[in-house]
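Accompanying notes for the structure given below.
The values are calculated or read from the model by the stated rules, or taken from the named source; none is laboratory data. Values in this document were obtained by computation on a predicted structure and should not be read as measured data. Glycine gets a Cβ as well: all are built from the backbone with ideal geometry, and neighbour counts include every protein chain shown. To get the accessible areas, we keep the full protein, side chains included, count just its heavy atoms, and leave off ligands, DNA and RNA. Shrake-Rupley method; radii C 1.70, N 1.55, O 1.52, S 1.80 Å.
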Amino acid sequence: VAIIGLLVFFEDLFDRTTNFRLLELADLGNELLREMLNQAAGSYQHALTVGMLAENAAEEVGARALLARVGAYYHDIGKLERPEYFAENQNYMEQSKHGNLKPSLSAAILKAHVKEGVERARARRLPAVIVDIIREHHGTSVMQYFYCQALETEADGAVNRDDYQYPGPKPQTREAAIVMLADSVEAATRTMKNPTPLNIEELVKKIVTG
């Protein structure tokens, strides 16, 4: 009883996150995840699926499966600021919020969810390993859709590639890298028009290789 009561103190003192803390965060009934369910239901379902993928992948390579799952649950909490700008939260009958925006503004809104997620995680005193996964889950990837859109609508010299690139850093741990890949795979396969096992396998290989 004494050890469990002192765990939080020792975790902070030695900058370590135990499985006890991760299991507490994995509880889908906790306040932050309930906020996601109520305010960004699509992002919530996306996070659960990414968590399942990440956990299974981490087990295969001997990484911390529980950390990968919990990191995936929280990787998109920054979307709580503007959930309506993310495709998974839009009804298929709705027009995209990005329809009347310049590509650079759309990219800025999407990019901001990483910074806002880190700030929200720190405010809720989430462990540093979870904060790192939030910060790194897009690495330094480029938002190709909006970048290509900008190249088509503006003069090449007026388009700054950095405006469409996530600030990073790239994943620094196996768990963060797995969450990044699982996030990309889930988002890509969700929009497939013909999701056969073979097509899914080819798409996953393409994403991982990229």
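Out of residues 5 or more away from K97 or on other chains, whose amide H comes under 5 Å of its own, with H placed 1.01 Å from N in the peptide plane?
none
Can you give me the % of accessible surface on the range 1-109 that is carbon or sulfur? Probe 1.4 Å, all protein chains present, nothing else counted.
On the way: 3460 of 6240 Å².
Its accessible area is 55 percent carbon and sulfur atoms.
Ranking request for peptides 101-109, 159-167, 182-190: highest mean number of other beta-carbon atoms within 10 Å first, then the rest in descending order. List each step's numbers first, then the result.
Values: 101-109: 17.3, 159-167: 15.4, 182-190: 19.0.
Going by the mean number of other Cβ atoms within 10 Å, highest first, we get 182-190, 101-109, 159-167.
To the nearest 10 degrees, how steep is helix 103-123 against the longest Cα principal axis of the chain, on a 0 to 90 scale?
10 degrees
Sort the following peptides by mean Cβ neighbour count (other Cβ atoms within 10 Å, averaged over residues), highest first: 147-155, 169-177, 9-17. Could you put the intermediate results ahead of the total?
On the way: 147-155: 14.3, 169-177: 18.4, 9-17: 12.0.
Going from most to least packed, we get 169-177, 147-155, 9-17.
Quick check: the angle from helix 65-74's long axis to the longest principal axis of the chain, C-alpha only, nearest 10 degrees?
Between the helix axis and the principal axis of the chain, the angle is about 50 degrees.
Could you let me know the centre-to-centre spacing of the range 1-36 and the range 88-162, using Cα atoms, in angstrom?
Measuring centre to centre over Cα atoms gives 29 Å.
Note the count of lysine pairs whose C-alpha atoms are less than 25 angstrom apart in the chain, limited to pairs 8 or more residues apart or on different chains.
Lysine pairs, 8 or more places apart or on different chains, close enough: 17.
Mind checking the angle between helix 41-61 and the chain's longest principal axis? C-alpha axes, 0 to 90 degrees, to the nearest 10.
Once rounded, one gets 70 degrees.
Determine the calculated [θ] at 222 nm for the chain from helices alone, applying -39500 (n - 2.57) to every DSSP H run no shorter than 4 residues and normalising by the residue count; nearest 500 deg cm²/dmol. Mind showing how you got there, number by number?
Values: 10 runs with 130 residues, N = 210.
The helix contribution divided over the chain gives -19500 deg cm²/dmol.
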